[in-house]
Amino acid sequence: MTAESTAGASRSFGGQVLRFASGSLVSKVFGYLRDAAMVAFFGAGWLSDAYYAAFRVVNIFRRAVGEGSVNAAFVPALAAERGAGRGPAFFASAWTLAITAASALGLLAFFFREELVLLTARGFASDPVLLRTTVLLTAVLLPHVVLVAASALLQGALNTEKRFFLPQAAAASFSIVSLLYLGLAASPLGEGFSMEEKMTGLAIAASASGLLHCALLVPAAVRAGYRPRFSSPLGDPAALRLLILAVPALLAAAQDQLALLVNAFFASFMEPGSITAIHNAARLTQFPVSLFAAASAAVTLPSLSGGLLRSDPARFRSTLDSAFRLTALVIFPSTAGLVALALPVTRALFEHGRFTPEMSALTAAVLACLSAGLAGYALNKLASSVFYALGDLTTPLAVAGAQLVLNAGLCLLLAGPLGAPGLTLATSASSLAAGAVFAVLLARRVPGAFSPGLGLFIARTLAAAAAMGAACSAGARLMSGLPPAAAVLALVPAGAGLYFLLLRALGAGGPRELLGPRGGRE
């Protein structure tokens, strides 16, 4: 492969990541508006804990049945079947499998909803009202599992066609519907309803939002040749293989949600608002992870699938190198910035309405501890996608299982002395440990996976990010008397500017060199 073609592949990869990240940015912005509106309206207490505990249970199924097995097993399989001219037929069989599996799991969870809540939030057992409310919210949210499985399959089909912006931006439908509902609940139309009834209404709106999500994706999928229809998968060997592969992929891809579920289990025994603090902190850390780490992982999966390592090893390694560099370029300064500005960011985003300064302090501490593991989360997502592209689903499952056990053990050790921040510190430590294991395994599986210049690039980005974090921390102390929003609006762009200036000074370059010219249109 020539140097020009390698550079072209890198630029194409960067353009695809940019489109994915742009769509994800739309979804994340609406997501933060939704979370801020919710805690302003309901506060951060037992009622919001009940909602987030119920939502966490549903999110496990959402990641496992929908996004997890789709990203790990469906996209590579669809790419292979499309190459053989069987893409639409395989999609129909996979659609039938996904909807059937999601419906069966959702129905099973509905019948055992109380047991499920007690398994994941045992501390609620001492409060009958809290337990009953969480069980009700779980039941109301469960239909969303089927709709998410459908939208995830549509998203996977579009990603296979290298269409990344619409599938990511369409996910904002969940937040938009929730925001519209909160606006109605806060208006005179909401008068006469209790806060518990309004929270149930929010769960109904959130569950129904999946209809809008699917409606936004179906026309694009049909135009790409993937019509949602039911077809017997029994006569489709590729679909049956997908079902077998989806089981380990399902468990491995849900690891991050399982880790947060472990946190929620321990937090259910802590002060009211602890589960809400963990949820809000996780939402904030998902911003850089979703924008670039998940984007790199999602773009890498179809790009590296189909035996690319054997047919074009130079392109394989070039794509992988671009993914590592883009991820490091964003994750390291995000870690430093979130740790340094945890309190002003939390206050600016959430300290409104019923959300008190004490709630801000708890959320900021949880956020700082959770942000420390961003590099681990990012590397785990990217490395898992590489193994999936190579057809290896057992390695990510083994690493995810070990990480989950380590996370639970560390939570048990740190929950007592550190409280809720100790839980997210345990998650960060276990994620970093898993990332180190993934790096070793990836180097063995793909010789040359880490280019000779990657170590120096990472060292330079780490140095620039550390200096930026120190500057932001000092700036936050100097601006502590200003409104939090003013401090954040001043320090975030100033920190970003300083970071890229330091990168230039250290010879690491910047995003323009990595992204290259804009990629082609979707």
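In straight Cα distance, which lysines are under 20 Å from LYS381, not counting same-chain residues fewer than 8 positions off?
Straight-line reach from LYS381, under 20 Å: LYS28, LYS162.
For segment 165-234, which GluC sites (Glu not before Pro) are both in a DSSP coil and crowded by at most 11 other Cβ atoms within 10 Å?
Qualifying residues, ordered by number: GLU191.
Test of understanding: ordering TYR226, TYR181 by Cβ neighbours within 10 Å, fewest first, what list do you get?
Final ranking by Cβ density, sparse to dense: TYR181, TYR226.
Fewest Cβ neighbours within 10 Å first, please rank ILE458, ILE278, ILE331 accordingly.
Exposure proxy ranking, most exposed first: ILE458, ILE331, ILE278.
Using only the alpha carbons, work out the radius of gyration and Dmax of segment 365-451 in angstrom.
Gyration radius and largest Cα-Cα distance of segment 365-451: 14.1, 44 Å.
Take the alpha-carbon positions of segment 366-522, form their convex hull, and give its projected area averaged over all directions (one quarter of the hull surface) in nm².
12.9
FYI, it's all coordinate maths here, none of it is from the lab. If you're wondering where the values come from, they're calculated on a predicted model, not measured in any experiment. For neighbour counting, all protein chains shown are included, and Cβ atoms are generated from backbone atoms with ideal geometry for every residue, glycine included.
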